[in-house]
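Peer 1: Below you'll find the structure I mean.
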Amino acid sequence: MAIRNLRLEGDEILSKKSREVEVIDEKIQTLIDDMIETMHKYNGVGLAAVQVGILKRIVVIDLYDDKGPIVLINPVIIKEKGEQEVEEGCLSFPNQFAKIIRPAEVVAEYTDRDGKRMRVKAKELLAQAISHELDHLEGKLFIDKIIPGTLEYVEPEK
Ligand code: NI
């Protein structure tokens, strides 16, 4: 496993659309392992493959609870319900946080790393994370959706 370089604010790749994964081969498994390691290294709750420079529809999410890291390949949101106003950041926008409206609940379908098609019903932080990470697959960034005037820069810990 290896830490991959994060693509940051201003990098054109972040606004590109990611492509479907057709075969979950060894290369994809390595990418997934590296994405999880990279997310953990930067204390993120989610990471999309595009953020390490790979335009594939792969997302990893970890809420640091008993479910462990979740791997979503070719995920699709099939239902959204309600709204929640939340504080949000992104590993591609270090030290920046803002308020944003996300769906209160989402139902998503995805393929897991064993190739099995799964369905997850999510609310609160998981719904927020799924919504944020799936936006990345479309080249959409949280910064373009934030509630105006709520952006804050937080000094990094030394
Ligand atoms: Ni992000």
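The values are calculated or read from the model by the stated rules, or taken from the named source; none is laboratory data. Note that the structure is a prediction, hence the values are computed from the model and not measured. A quick note on method: Cβ atoms are made from the backbone with ideal geometry, for glycine too, and the neighbour counts reach across all protein chains shown. Remember, those area values only see protein heavy atoms, side chains included, never the ligands or the DNA or RNA. Shrake-Rupley method; radii C 1.70, N 1.55, O 1.52, S 1.80 Å.
Peer 1: Of (1) over 18 Å from residue 10 (Cα atoms); (2) crowded, with 17+ Cβ neighbours inside 10 Å; (3) of a type outside the set (S, T, N, Q); (4) within 16 Å of the ligand (Cβ to nearest atom), residue 91 satisfies all except one. Which?
Peer 2: Among (1) over 18 Å from residue 10 (Cα atoms); (2) crowded, with 17+ Cβ neighbours inside 10 Å; (3) of a type outside the set (S, T, N, Q); (4) within 16 Å of the ligand (Cβ to nearest atom), residue 91 violates only (1).
Peer 1: Count, please, the residues in the stretch 89-106 that happen to be within 25 Å of residue 118 (Cβ to Cβ) and either in a strand (DSSP E or B) or over 12 Å from the mean Cα position of the chain (by Cα) (or both). Walk me through it before giving the result.
Peer 2: Going residue by residue through the stretch 89-106, those that are within 25 Å of residue 118 (Cβ to Cβ) are 90-91, 102-106.
Those left that are additionally either in a strand (DSSP E or B) or over 12 Å from the mean Cα position of the chain (by Cα) (or both): 102-106.
Here the count works out to 5.
Condition check ((1) modelled with pLDDT of 95 or more; (2) surrounded by fewer than 18 Cβ atoms within 10 Å (Cβ to Cβ); (3) closer than 29 Å to residue 123 by Cβ) across all residues:
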site	(1), (2), (3)
11	yes, yes, no
33	yes, yes, yes
37	yes, yes, yes
45	yes, no, yes
51	yes, no, yes
57	yes, no, yes
62	yes, no, yes
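Peer 1: Given the condition in a helix (DSSP H, G or I) and either of a type in the set (S, T, N, Q) or within 16 Å of residue 133 (Cα to Cα) (or both), answer yes or no: does some residue in the stretch 52-64 qualify? Steps first, please.
Peer 2: Initially, the stretch 52-64 is screened for residues in a helix (DSSP H, G or I), giving 52.
Restricting the remaining residues to those that are either of a type in the set (S, T, N, Q) or within 16 Å of residue 133 (Cα to Cα) (or both) gives 52.
Yes, some residue in the stretch 52-64 is in a helix (DSSP H, G or I) and either of a type in the set (S, T, N, Q) or within 16 Å of residue 133 (Cα to Cα) (or both).
Peer 1: Pairs only if they're at least six apart or on different chains, beta carbon under 6 angstrom, first in the stretch 119-135 and away from the ligand (no atom under 15 Å from the Cβ), second of a type in the set (A, V, I, L, M, F, W, C) and open to solvent by 20 Å² or more (accessible area, probe 1.4 Å); list them, first residue then second.
Peer 2: That search, which allows pairs on different chains as well, returns 121/107.
Peer 1: Within the stretch 79-88, how many residues are open to solvent by less than 80 Å² (accessible area, probe 1.4 Å), closer than 15 Å to residue 133 by Cα and either in a loop (DSSP other than H, G, I, E, B) or away from the ligand (no atom under 14 Å from the Cβ) (or both)?
Peer 2: Count: 0.
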